1. Just tell me which lysines come within less than 20 Å, Cα to Cα, of residue 111; anything on the same chain fewer than 8 places away is out.
2. So, counting K/R as plus one and D/E as minus one, what does the shell of residues with Cβ under 12 Å around residue 105 add up to?
3. Where Lys and Arg each count +1 and Asp and Glu each count -1, what net charge lies around residue 40 among other residues with Cβ under 15 Å from its Cβ?
4. Please label the shape of segment 371-470 as rounded, prolate or oblate, based on the square roots a ≥ b ≥ c of the eigenvalues of the alpha-carbon gyration tensor (a/c under 1.5 means rounded; beyond that, a/b larger than b/c means prolate, else oblate).
5. Exposure proxy check: 531, 461 ranked by fewest other beta carbons within 10 Å?
6. Per-residue counts of other Cβ atoms within 10 Å, averaged by peptide: what ranking do you get for 177-185, 444-452, highest first?
7. I want to check a number: in segment 431-557, how many lysine pairs have alpha carbons closer than 25 Å, given a sequence separation of 8 or more or different chains?
8. Going highest first, how would you order 347-354, 391-398 by mean Cβ packing within 10 Å?
Amino acid sequence: MRLLNSHLLELFDIDHETGVIRLGDERMVIQSTAALGLLRKELINTVGLETGRRVRIRFGFAQGCHDALSLKERLANLSPEERILMGCTLHTLEGLVTVEPLKISSEPGRKHFEMEALWHNSHEGAEHLKHFDRGAMSVCWATLGYATGFATACAGHDIYFQEVECVAKGDARCRVIGKDAGSWGEALEGIRADYLLTDQGRPRLTLSGLQEEVQSLQAATRSQQEKLLRYERILTGREPEMDLLRARVANMPDSARFIVRSAAMEEVLRMAAQVAPLDTHVVIVGESGTGKEFIAQFIHEHSGRAAEPMVVVNCAALPETLLESELFGHKKGAFTGAVKDKVGLFEHAGNGTLFLDEIGEMPLSTQAKLLRVLENREARRVGDEHTFKVRARIVAATNRDLREAVAQGSFRSDLYFRIGAFPILTPPLRARQEDIPPLVYEFMQRSSARVQKEIRSISSEAMALLIRYPWPGNVRELQHVIERAVIVARGDAVAARDLPPEVLNRPRIKCNGGSLDLKEREITIIQEALERFSGNRTKAAEALHISPVTLWRKLKRHHLMKDPLAT
């Protein structure tokens, strides 16, 4: 008897972006049979053979029932008998077992059902024999439960399968027989006991009950989806709130993908995590492009204020009069052009965080007003007589040496000691070379997606040049360099020729002078050896007086492998 040509593969939906696999409305997963075999062994050794057998049978039944119900609408035009044969095909496609139906019969209008089938290539039988000896018991328990669950859901009444031959008993193949509940006679009670779930010895759920529960859960899921759609339509009309929410959500993936490999940056994040739950004012000091705003975002997201907004202002981008109005707001008529009341960023931040970027460029008069806010927790709009309470936390950042600015008189000492209670120093990229290779691969992935090119790797020569470059623009400059390289790359890999002139033409460090950094010298020597022998690792290793295995380990340690996934 041939299986139906069901085109069931068309019912499998694979989302290549999210990795989600679905059969109808149900999500599926691909699992290793070796891992399932080990799980089976641990289950038997932990709870015993008999209990393990029943757990596996009930698991298989739930899986088969779910599969049948998820395909119910698509198989509506088929008879119950044809649906069950469809289940045999699905059983085969899912890799559980190769089903060869021998006979199947049912009577319309009655609950009579009878089926016989051979099971070839049973993964359960094979995995059982890897861990246990042959015995007198059939072992395809989950597969048996699957057949029972699928057939019961298709027929609408209880059908039970029993395995009468099994490879684990020494038979040539596995053979099963399926019948409706009434046709099993006196054997029914013992068979049904495998499927009864009990609560302290009392029957709690039968096959029909489980089917109803699955249908109830699916109905509840559909109802929840309808509610979410209604909520989404309501929220569509609230554009300002939605824009703010989208901005915060958009920032989260960048935070999650922030690359940290060096001990220096790990220490920065450790300090940020320690101060985040507190309301202590923080000043983040570092060169431009070192990730100061990310650290501020990290502190905000790990604080008790994460549900509130984080408001950012660049103190160097606004003249004195506009900066004061931006921070504190103003009343209508306070100055020329103030045609209406304006809420300042302190009020807009509410209970959230106000990030004052480049605070070292803030004018002295504004510094004095900021100091009063920090001391009294009150502020006044420009041109207003009334004050309002300030509840926002202040996190500041600067690329200047504030102590030197205090000595020069361009920054107030009392403000410095007020905001500088907890300084965090972000090191420049040249001081944390360990972060360069993983950052390169991350930026390659982002840029490839943005420009729609498939760039998979970077040459060892290009990586060595990137590691040696001093990066005056730090991480921001590296990101721009990689984006340019991805755009101009001629194949699926970034080569040295794709780097900008300032990186490509930087003089190499010679062994008789220059940097005394041992790691930097080792990278340079390895890269020169590979260039001299056209990438031949065996000859390069011989010239370096090390084994090819040692060279391979050094290439991997310094991220000089051409394939980023090489092991």
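Please treat every number below as a calculation from the coordinates, not as lab data. Remember, it's a predicted structure, so these values are computed and weren't measured experimentally. Backbone-built Cβ (ideal geometry, glycine too); neighbour counts: all protein chains shown.
1. Partners found: 72, 103, 179.
2. For residues surrounding residue 105, the net value is -2.
3. Net charge in that neighbourhood comes out at +1.
4. Note, shape of segment 371-470 comes out prolate.
5. Placing the least packed residue first, the sequence is 531, 461.
6. Result, highest mean Cβ count within 10 Å first: 177-185, 444-452.
7. Lysine pairs, 8 or more places apart or on different chains, close enough: 9.
8. For the peptides 347-354, 391-398, the packing ranking is 391-398, 347-354.
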